[in-house]
Amino acid sequence: MLTPEKSIEIQNSIGADIMMQLDDVVHSLTTGPRVEEAMHRSIRWLDRCIKANKRPDKQNLFAIVQGGLDAKLRTYCVKEMIKRDTPGYAIGGLSGGEDKDHFWRMVTLSTDHLPKGKPRYCMGVGYAIDLVMCCALGVDMFDCVFPTRTARFGCALIDSGQLNLKSITYTCDYEPIDAECPCFTCQNHSRAYLHCIIHEAVSAQLISIHNISFQMRLMERIRQSITEDKFPEFIRSFMRTVYPKKNYPSWLTEALESVNVTLDT
Amino acid sequence: MMKFSVSKLSPEGGRLGVLSDIHQSSEQRHVEVFTPACLMYTRGGSVPHLTLDMVRCLPHQSGIVELTVSSFIEYRETMEGFKDGLAKFVGIPNALTYLAVQDSCKSAAAGYNDKSTVSVWAPSGRFRLNSASFMSFQRAAKSNITEALCDGDTREGCSKKRIQKAVNKTLQFLDEILEENLNAETCQQTEIFGVIEGGDLLSERLRSTKETAKRAVAGFVLDSFGESFMKEETRWKLLEPIIKELPEDKPRMLPQIGEPLDVLLAIENGFDLFSAFYPYQITGKGCALVFSWSDENKKTLNDQTSKSDEIKEGFYIDLNNKRFAEDFSPVLSDCECYCCQHHTKAYINHLLVTKELMAGVLLMSHNIHHYLSYFEAIRQAIKSDTFALMKKHIEEQHMRTDR
């Protein structure tokens, strides 16, 4: 079992540039007093982590905001943690299978209150549309096992969704996963070939390489569109690709409306 | 047809040779293969665990990649639709390919060949081939060298009658395939290697050899020679009489032999080509090859956690072993492979414990690098008349290896 002190001790020896407090995470679907208990504990543990950090000059300790899906608890948590003035803040306790409707509201609540001059890191996100949406809501950093895990199951990521390369649909598909992708896999191999070797370890690598490249390029495109003052346009165009029939889920349209982005109808 | 010329016959056994003029497409590089050599073993056309960028870094490659019918037979539709052959489909358009019927590593299940067909096992199940369907597959594969369809189901203990049938069927397939190849358009032709069967019976092996040698084949393959096919004592006694019946000017392949000493014994007896499946087997066990091939080259096992005089290694070390958990030195201190240049034994041990895919990548990159370097050393040893010394050195390590 980890204590805040032990967690920081291990992280100090690993030496990562960014390290995370030990938080008390409850499953996002939990209700009742346990959520509040976890939120208060996370604040106390943040203080213990800050105290235990022997390398504050070399490593950046991020706080992790908790509070489940309760607006009051989350607001309280954010306000308390901001007082600790850590180098960055993570939005935790989400990405656990909760309603997307609740998810985006908690993200935007957190970003409304978190300081503008510090990075906001939404943990466990994720799918391409979630990445785009969260960026629109003011998030800066993400992490997710999804691209590599789904690669190991034979799924390749493209803007419009996923290709399940195990499917016989691809037996004679000699195109690369994505004709415009510069990654090693798309430059050297076809969907049909990946389908043929789907049971070999190397296919997991090849699809992982593509999926990570896809995620990196997506973030690059988001940054580029922001730089060019064309981010809303990018969002609209991206969502058109994901939902060609324009049957956008209501949580998505509402989330984007909250930041003045209207999707094409 | 392909040319094979012997550049040196060693007084200690073994020979140096050059394979050239292999029938190929205009896209493929002109390759001269210096023998003894090993063909690059693949599964589904890929070197196991390694992406092409890792493969390109490997030294001393022969230039010929081994592909198996069994890994592609269920994708025949895919290949026929592609039209440009397996090498291009796999992503190695410049490489020359050798099409083998079965996987060198894993023998096909026994008892599934019948009067007119041979069974190959694909991931989805069994496929039956006769010479016509085999050649139709080969034409889609566009392999440069092709092992003729053969019946190798002659495991230790099978009857003389069964062995005779295997020899007869294999010869019949060969004749049909040679004729088919002769009648094909030049651009569709392939170099055919004749397969020698005969189980563990010397009389049948000799019959198969003599008959195959009468045909216009480009080379010879000695099949059904691996572990499950005959006793150790029988195996090595068969080679000399078989070789005597084979012409000097054609290469001889022994696909199921890969262990370092076995390779030398085979070369000593006059074999030229092998399949590099052994590094894959070693990798699968979580082991790394550490054997040396001379006193000068004796690579130091920089083992910080144990006394070197207590532990004398055989051909490989088992990185699963706890004693490597804090060994922060590379597998071999002066190895130039990717794994030894970038990682430690402790890291590989950690990857094995956490069951990461990366363990296979690192181990395979080291093991195949080591094995290809071994073959280069063998060629040098024959050249410099130090083959017998090398054999002695390998024998000592063979004694220490747990098999």
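The values are calculated or read from the model by the stated rules, or taken from the named source; none is laboratory data. Only a predicted model underlies this, so the values are computations on that prediction, with no experimental measurement involved. So basically every Cβ, Gly included, is an ideal-geometry build from the backbone, and we count neighbours across all protein chains shown. SASA here: full protein model, heavy atoms, side chains in, ligands and nucleic acids out. Shrake-Rupley method; radii C 1.70, N 1.55, O 1.52, S 1.80 Å.
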Using protein heavy atoms only (no ligands, DNA or RNA), what is the total accessible area buried between B and A, 1.4 Å probe, nearest 100 Å²? 1700 Å²
Per DSSP helix of 4 or more residues, -39500 (n - 2.57); summed, then divided by the residues of chain B. What does that give at 222 nm, rounded to the nearest 500? -11500 deg cm²/dmol
Overall dimensions of chain A as given by Cα atoms, namely Rg and Dmax in Å: 20.3, 60
Can you count the Lys pairs in the range B:210-301 whose Cα atoms are under 20 Å apart, with each pair 8 or more apart or on different chains? 5
Net charge around residue B:115, counting only other residues with Cβ within less than 9 Å of its Cβ (Lys, Arg = +1; Asp, Glu = -1)? +1
Express the C-alpha Rg of the range A:134-179 as a ratio against the empirical globular expectation 2.2 N^0.38 Å, rounded to two decimals. 1.48
Quick one: grab the alpha carbon gyration tensor of the range A:163-215, order the square roots of its eigenvalues as a ≥ b ≥ c, and give me rounded if a/c is under 1.5, else prolate or oblate depending on whether a/b is larger than b/c. oblate
May I have the convex hull volume per residue, in Å³, for the Cα set of the range B:197-283? 87 Å³
Any lysines whose Cα falls less than 22 Å from that of residue A:79, other than same-chain ones fewer than 8 residues away, would be A:51, A:116, A:118
Could you estimate the translational diffusion coefficient of the range A:145-244 from the Stokes-Einstein equation, with Rh from the Kirkwood formula over C-alpha pairs, at 37 °C and 0.692 mPa s, in whole µm²/s? 234 µm²/s
Per residue, how large is the accessible surface of chain B? Use a 1.4 angstrom probe and give square angstrom. 42 Å²
Which residues belonging to the range B:88-102 lose at least 40 Å² of 1.4 Å-probe accessible area when the assembly is complete, relative to their chain isolated? B:89
Evaluate E = 1/(1 + (r/R0)^6) for residue A:245 and residue B:155, where r is the Cβ-Cβ distance and R0 equals 41 Å; express this FRET efficiency to the nearest 0.05. 0.10
Could you state the number of Å between the C-alpha centres of the range A:159-209 and the range B:77-98? 16 Å
Where the centre of each part is set by its Cα atoms, how far does the range B:186-232 sit from the range B:332-403, in angstrom? 31 Å
With a cut-off of at most 14 other beta carbons within 10 Å, and DSSP calling the residue loop, which chymotrypsin sites (Phe, Trp or Tyr not before Pro) in the range A:59-158 qualify? Please list them. A:153
Taking Cα centroids, how far is the range A:36-61 from the range B:107-183 in Å? 68 Å
Taking all pairs of different Cα atoms in the range B:1-54, averaging 1/r and flipping that mean, what Kirkwood radius in angstroms comes out? 13.6 Å
Carbon and sulfur atoms account, in whole percent of the 1.4 Å probe accessible area of the range A:150-217, for 53 percent
Longest principal axis of chain B (C-alpha) makes with the long axis of helix B:202-214 (C-alpha) an angle, in degrees to the nearest 10, of 60 degrees
Here P(r) for the range B:74-125, Cα-Cα distances in 5 Å bins, as whole percents, is 4, 15, 19, 22, 19, 13, 6, 1
0 to 90° range, to nearest 10: angle between helix A:231-242 axis and chain A longest Cα axis: 50 degrees
Taking the Kirkwood radius as the inverse of the mean 1/r across Cα pairs, report the Rg/Rh of the range B:107-259. 0.95
Which residues, if any, in the range A:184-228 have at least 50 Å² less accessible area in the whole protein complex than in the isolated chain, probe 1.4 Å? A:184, A:193, A:196, A:200, A:202, A:205
Using every Cα-Cα pair within the protein assembly as shown, state what percent have a distance larger than 51 Å. 27 percent
List the relative contact order of chain B as a percent without decimals, with contacts defined as Cα pairs under 8 Å and 6+ residues apart. 17 percent
For chain A, what does the helix formula give at 222 nm: sum of -39500 (n - 2.57) over DSSP H segments with n ≥ 4, over the residue count, nearest 500 deg cm²/dmol? -15500 deg cm²/dmol
Taking the range B:78-178, the whole-percent share of alpha-carbon pairs separated by over 16 angstrom is 61 percent
Ordered by number, the trypsin sites (Lys or Arg not before Pro) in the range B:192-273 that occupy a DSSP loop and have at most 16 other Cβ atoms within 10 Å are B:215, B:231
How big is the dipole moment of the range A:4-123 about its Cα centre under a simple scheme where the beta carbon of each Lys and Arg is +1, that of each Asp and Glu is -1, and everything else is neutral? Debye, nearest 20, please. 360 debye
Provide, for q = 0.11 Å⁻¹, the log10 of I(q)/I(0) from a solvent-free Debye sum over equal Cα point scatterers in chain B. -0.80
May I ask for log10 I(q)/I(0) of the range A:4-123 at q = 0.10, 0.14, 0.19 Å⁻¹, from a Debye sum over the Cα atoms as equal point scatterers with solvent left out? -0.28, -0.54, -0.96
For chain A, the longest principal axis of the Cα atoms and the Cα long axis of helix A:33-52 enclose an angle in degrees, to the nearest 10, of 80 degrees
At 1.306 mPa s and 10 °C, Stokes D of the range B:222-372 from Kirkwood alpha-carbon radius, µm² per second: 93 µm²/s
Across chain A, where is the longest run that never hits GluC sites (Glu not before Pro) in a DSSP loop with at most 14 other C-beta atoms within 10 Å? A:1-179
Among the trypsin sites (Lys or Arg not before Pro) in the range A:39-123, which ones are in a DSSP loop with at most 16 other Cβ atoms within 10 Å of the Cβ? Mind listing them? A:54, A:58, A:84, A:116
